[in-house]
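Heads up, the thing below is written out as structure tokens.
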Amino acid sequence: MTRIGIIGAGHIGSTLARGLVSQGNEVAIANSRGPETLADLIGELGPSARAVTAADAAAFGEWVIVTVPLTAIDALPAQELAGKIVVDTNNYYWERDGRIEALDEKRTTTSEMLQERLPSSTVVKGFNHILWSQILTDGAPAGAEDRRALATASDSDEGVALITAVYDAFGFDTVNIGPLADSWRVERDQPAYVVRQNADELRENLARAER
């Protein structure tokens, strides 16, 4: 049984919590409104889940999922996340986040921004280019014909190895883009974004991406 922290309890965070608990893991999940507002979700998830603060979720997890808007990353508990692998689900939506010059000018990526915020953590991209509603429905056993694939990026082989195992547990193949600097290839408005694709198709779409 693995202990996993989740910071962010929106559609993605809640869905991942459901899947991780069903796989036999323990989950501590936090949102911006306080643990008491997550009572219904915890009631659904059962005894393997608890609602906590963001700092407590970070401290609890052997690894941690961060699924919050870009505007919230400066408030993340960097000290509690130090030394841990952090799965980043983020995309840049300027309509939500406001204009961010470094992203608009293609000088960085959302995952690089998170890594800069968390210099003692290992950031790995994950679950950012699949609709939340498909995370628990589109998976298939390893080796299944036309199995859906998801992409990742990290500056760490350890990070890639972890998300590869997590993807497989959810029923997806993994395609490694490479370093965080190349993670833009799977973000919003790129060919690989929120479309169903197997590993070969995903590689083709990543190659077609234009910055």
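The values are calculated or read from the model by the stated rules, or taken from the named source; none is laboratory data. Small disclaimer: the values here were computed from a predicted structure and weren't measured. Here the Cβ is made from the backbone with ideal geometry for all residues, glycine too, and neighbour counts use every protein chain on show.
Things worth noting here:
- Residue in the stretch 72-79 that is touching a residue at least 40 places away in the same chain (Cβ under 8 Å) and touching an Asp or Glu at 6+ places or on another chain (Cβ under 6 Å) present: no
- Scanning the stretch 11-62 for residues that are among the hydroxyl-bearing types (Ser, Thr, Tyr), in a helix (DSSP H, G or I) and touching a residue at least 24 places away in the same chain (Cβ under 8 Å) gives Ser14, Thr15.
- Of all residues in the stretch 111-149 being acidic (Asp, Glu) and surrounded by 14 or more Cβ atoms within 10 Å (Cβ to Cβ), the one that is farthest from Ala199 (Cα to Cα): Glu112
- Residue within the stretch 111-131 that is among the charged types (D, E, K, R), over 15 Å from the mean Cα position of the chain (by Cα), at pLDDT 95 or above and closer than 22 Å to Leu202 by Cβ present: no
- Scanning the stretch 22-46 for residues that are modelled with pLDDT of 95 or more and among the hydroxyl-bearing types (Ser, Thr, Tyr) yields a total of 2.
- Test: residue in the stretch 150-171 that is surrounded by 15 or more Cβ atoms within 10 Å (Cβ to Cβ), touching a Phe, Trp or Tyr at 6+ places or on another chain (Cβ under 8 Å), of a type in the set (D, E, K, R) and not in a helix (DSSP H, G or I): no
- Tally of residues being under 30 Å from Asp173 (Cβ atoms) and free of Cβ contacts under 8 Å to residues at least 60 places away in the same chain across the stretch 109-133: 10
- Scope the stretch 58-110; condition of a type in the set (A, V, I, L, M) and surrounded by fewer than 11 Cβ atoms within 10 Å (Cβ to Cβ); matching residues: none
- Tabulated pairs, the stretch 161-186, first among the small types (Gly, Ala, Ser), second in a helix (DSSP H, G or I) and surrounded by 21 or more Cβ atoms within 10 Å (Cβ to Cβ), C-beta under 6 angstrom, 6+ apart or interchain: Ser183/Ser111
- Check on Val194, crowded, with 18+ Cβ neighbours inside 10 Å and farther than 16 Å from Glu112 by Cβ: no
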